[in-house]
Amino acid sequence: NRRKKKDDNTLEIPSIPNPFPELCCSPFASVLSASLLPKATSSKKQVIKVYSEDDTSRGLEVPSDITARDVCQLLILKNHYIDDHSWTLFEQLTHTGLGRAIEDHELVMEIQSNWLMEEENKLYFRKNYAKYEFFKNPLSFFPDHMISFPSETNAAVNHSGILQMFLSSSTYPEIHGYLHAKEQGKKSWKKLYFLLRRSGLYFSTKGTSKEPRHLQFFCEFSNSDMYMSLTGKKISGAPTNYGFCFKPNKSGGTRDLKQLCADDEQSRTCWMTAIRLLKYGMQLYQNYMQPYQGRSGCSPLNITPMRSISENSLVAMDFSGHRSRIIENPTEALSVAVEEGLAWRRRGCLRLNSHGSPIAMSNMGMSIHRSQSWFHHKISREEAQRLILQHGLVDGVFLVRDSQSNPKTFVLSLSHGLKIKHFQIVPLEDDGKLFYTLDDGHTRFTDLIQLVEFYQLNKGVLPCKLKHYCAQIAL
């Protein structure tokens with residue numbers, strides 16, 4: 001009776017409607033129901049770790065279907081970088097010494113799912129100026145001696161004609177030339193004549209014969225990815241340092257790699273560019289034309305470079321008179337630049353001297369370059385070449401470093417014509433003042449910053465202007 005009376009009292013309390021009925025569901029029921037919905041798996045988030053050149057890393061919580069371009073856009077916004085469409089996500093396989101630039105449309109989680117647990121593979125965030133350079137200047141990527149066009153095509157093909165043939169589904173140029181191939185299961189390499197066609201990569205069993213009975217299939221690209229050798233001859237024992245290979249998507253063993261090696265950088269660049277176009281086709285062109293069109297709807301947010309250093313956008317000006325004028329005489333432009341640079345340094349010295357630091361001011365010209373992104377302190381010639389290669393062998397990619405042979409001099413490492421060239425910057429002392437020069441004293445600069453700024457505007461003794469600097473960014 002007492003229990004019944006208690007229940008009656010409870011029933012007399014008016015019922016209050018629950019404003020959050022979904023919170024009353026069983027937690028087990030919600031998990032099970034979510035697992036049955038296909039949309040729930042697409043919105044699932046995972047954590048990835050991305051490294052920079054100085055080995056700093058950053059963890060990102062991203063959707064499972066995020067693309068490489070969206071990851072780059074996320075890092076650009078988080079680190080407040082300027083987006084010039086050259087930021088790229090790189091995949092580096094540490095165990096095999098291989099690496100590749102991940103295409104903008106590729107899914108990052110699919111790439112990581114192919115990694116083995118024991119492998120210490122990494123994702124790098126860096127610049128790659130050569131990513132879509134072949135769309136701007138295809139003739140430099142495809143030399144005449146390596147490319148053949150269909151018989152119905154005219155012998156003379158212009159820039160746009162080459163790209164149209166590569167992106168067309170009916171016609172495709174043939175790439176041919178010698179490559180060193182590593183025999184399967186052996187350590188030896190054999191030089192063979194290869195041909196790249198729409199159906200795949202072939203090599204000739206009889207010299208340079210292109211007859212079907214002499215062609216043997218080597219590789220197709222739908223189920224494999226192309227990597228560049230980062231270690232040269234060390235791991236694979238390749239005859240040259242210009243190696244690349246094909247790795248199956250679902251295999252991580254070195255015995256499944258199909259390794260090739262070119263005789264020079266121009267040949268390797270031609271082969272790898274043609275294979276990229278063959279595998280992805282119009283998708284590459286869409287990535288190039290619409291870099292922000294991705295899954296997560298990232299937008300450029302009106303981010304544009306604060307200053308354009310294109311060849312035709314900067315000119316020398318004279319503002320000393322009542323009306324400004326363009327200085328067309330290069331000798332006059334150089335003298336004005338040197339005079340303005342000296343005046344700027346003198347103003348800086350006077351300003352800092354007011355704080356009572358004369359010793360620091362006497363050494364300012366010698367150390368002011370160390371804060372610049374293009375300067376790399378005490379790196380070797382091989383490390384400089386590796387950095388430039390990672391940023392892309394585009395004309396004008398450069399860095400400045402200390403000279404290892406002479407501690408008082410510096411070296412300008414510059415990419416031009418798919419080659420890396422090194423120019424010595426020599427210090428000169430004249431009338432108690434220190435200058436720097438690249439041309440035996442004909443053109444002198446008070447410090448390295450003035451030197452770099454001048455050659456960004458003028459080619460001078462260099463094969464091309466300085467356009468893109470190699471920087472070790474931090475995340």
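Report yes if V461 is in a loop (DSSP other than H, G, I, E, B), open to solvent by 10 Å² or more (accessible area, probe 1.4 Å), at pLDDT 90 or above and over 29 Å from Y132 (Cβ atoms), otherwise no.
Considered against the rule, which asks whether it is in a loop (DSSP other than H, G, I, E, B), open to solvent by 10 Å² or more (accessible area, probe 1.4 Å), at pLDDT 90 or above and over 29 Å from Y132 (Cβ atoms), V461 comes out as yes.
Can you confirm whether T88 is among the β-branched types (V, I, T), at pLDDT below 90 and surrounded by 19 or more Cβ atoms within 10 Å (Cβ to Cβ)?
Taking the combined requirement at face value, the residue does not satisfy it.
So which residues in the stretch 94-112 are modelled with pLDDT of 90 or more and not charged (D, E, K, R)?
Of everything in the stretch 94-112, those that are modelled with pLDDT of 90 or more and not charged (D, E, K, R) turn out to be L98, G99, A101, I102, H105, L107, V108, M109, I111, Q112.
Could you tell me which of the residues F246, F221 is under 20 Å from G185 (Cβ atoms) and among the aromatic types (F, W, Y)?
One residue alone meets the criteria, F246.
Name the single residue that is most open to solvent (accessible area, probe 1.4 Å) among those in the stretch 113-141 being within 27 Å of T254 (Cα to Cα) and assigned to a strand (DSSP E or B).
K122
Consider R295 carefully, then state whether it is within 17 Å of T67 (Cβ to Cβ) and modelled with pLDDT under 80. Can you show your working first?
Working: within 17 Å of T67 (Cβ to Cβ): yes; modelled with pLDDT under 80: yes.
It is true that R295 is within 17 Å of T67 (Cβ to Cβ) and modelled with pLDDT under 80.
Output yes when any residue across the stretch 363-381 is at negative phi, of a type outside the set (A, V, I, L, M, F, W, C) and touching a Gly at 6+ places or on another chain (Cβ under 9 Å), and no when none is.
No, the stretch 363-381 has no match at all.
Across the stretch 232-254, which residue is modelled with the highest pLDDT among those that are under 13 Å from H95 (Cα atoms) and open to solvent by less than 50 Å² (accessible area, probe 1.4 Å)?
Residue satisfying both the conditions and the ranking: S236.
Checking D264 against (1) open to solvent by less than 50 Å² (accessible area, probe 1.4 Å); (2) at pLDDT 90 or above, which single condition isn't satisfied?
If we test D264 against (1) open to solvent by less than 50 Å² (accessible area, probe 1.4 Å); (2) at pLDDT 90 or above, just (1) comes out false.
Looking only at the stretch 415-427, decide whether some residue is open to solvent by less than 40 Å² (accessible area, probe 1.4 Å) and within 30 Å of H80 (Cα to Cα).
Yes.
Those residues that are part of a loop (DSSP other than H, G, I, E, B), free of Cβ contacts under 8 Å to residues at least 12 places away in the same chain and either touching a helix residue (DSSP H, G or I) at 6+ places or on another chain (Cβ under 6 Å) or surrounded by 15 or more Cβ atoms within 10 Å (Cβ to Cβ) (or both), I need them from the stretch 202-221; list them, please.
Scanning the stretch 202-221 gives T205, K206.
Please find, within the stretch 39-74, the residue that is modelled with the lowest pLDDT out of those that are touching a Gly at 6+ places or on another chain (Cβ under 6 Å) and surrounded by fewer than 17 Cβ atoms within 10 Å (Cβ to Cβ).
The residue in question is V47.
Would you pick out the residues in the stretch 439-457 that are open to solvent by less than 60 Å² (accessible area, probe 1.4 Å) and under 20 Å from M317 (Cα atoms)? Can you show your working first?
From the stretch 439-457, those open to solvent by less than 60 Å² (accessible area, probe 1.4 Å) are 439, 441, 443, 445-452, 454-456; that's our starting set.
T443, F445, I449, Q450, L451, V452, F454, Y455, Q456 - these are the residues of the stretch 439-457 that are open to solvent by less than 60 Å² (accessible area, probe 1.4 Å) and under 20 Å from M317 (Cα atoms).
Which pairs turn up if I take residues in the stretch 160-171 that are assigned to a helix (DSSP H, G or I) and open to solvent by less than 30 Å² (accessible area, probe 1.4 Å) and look for partners that are at pLDDT below 75 and not polar (S, T, N, Q) with beta carbon separation below 9 Å, at least 6 apart in sequence or on another chain?
Between residues of the stretch 160-171 that are assigned to a helix (DSSP H, G or I) and open to solvent by less than 30 Å² (accessible area, probe 1.4 Å) and residues that are at pLDDT below 75 and not polar (S, T, N, Q), the close pairs are M165/P150; M165/V157.
For the stretch 205-238, give me each residue that is among the hydroxyl-bearing types (S, T, Y) and closer than 16 Å to L192 by Cα.
Listed by number, the residues that qualify are T205, T208, S209.
Restricting to the stretch 411-436, give me the number of residues that are assigned to a loop (DSSP other than H, G, I, E, B) and either acidic (D, E) or at pLDDT 95 or above (or both).
Of the residues in the stretch 411-436, the ones assigned to a loop (DSSP other than H, G, I, E, B) are 417-418, 431-432.
Filter once more, keeping what is either acidic (D, E) or at pLDDT 95 or above (or both): 431.
Of the residues in the stretch 411-436, 1 are assigned to a loop (DSSP other than H, G, I, E, B) and either acidic (D, E) or at pLDDT 95 or above (or both).
Could you check the stretch 98-112 and list, in sequence order, the residues that are in contact (Cβ under 8 Å) with a residue 12 or more places away in the chain and not in a loop (DSSP other than H, G, I, E, B)? Explain how you work it out, then say what you get.
Narrowing the stretch 98-112 to residues in contact (Cβ under 8 Å) with a residue 12 or more places away in the chain: 98-109, 111-112.
L98, G99, R100, A101, L107, V108, M109, I111, Q112 - these are the residues of the stretch 98-112 that are in contact (Cβ under 8 Å) with a residue 12 or more places away in the chain and not in a loop (DSSP other than H, G, I, E, B).
The values are calculated or read from the model by the stated rules, or taken from the named source; none is laboratory data. All figures in this text were calculated on a predicted structure; none of them were measured in a lab. Methodologically, a virtual Cβ is constructed for each residue, glycine included, from the backbone with ideal geometry; neighbour enumeration extends over all protein chains shown. For the accessible areas, the whole protein counts, side chains as well, though only heavy atoms, and no ligand, DNA or RNA atoms are used. Shrake-Rupley method; radii C 1.70, N 1.55, O 1.52, S 1.80 Å.
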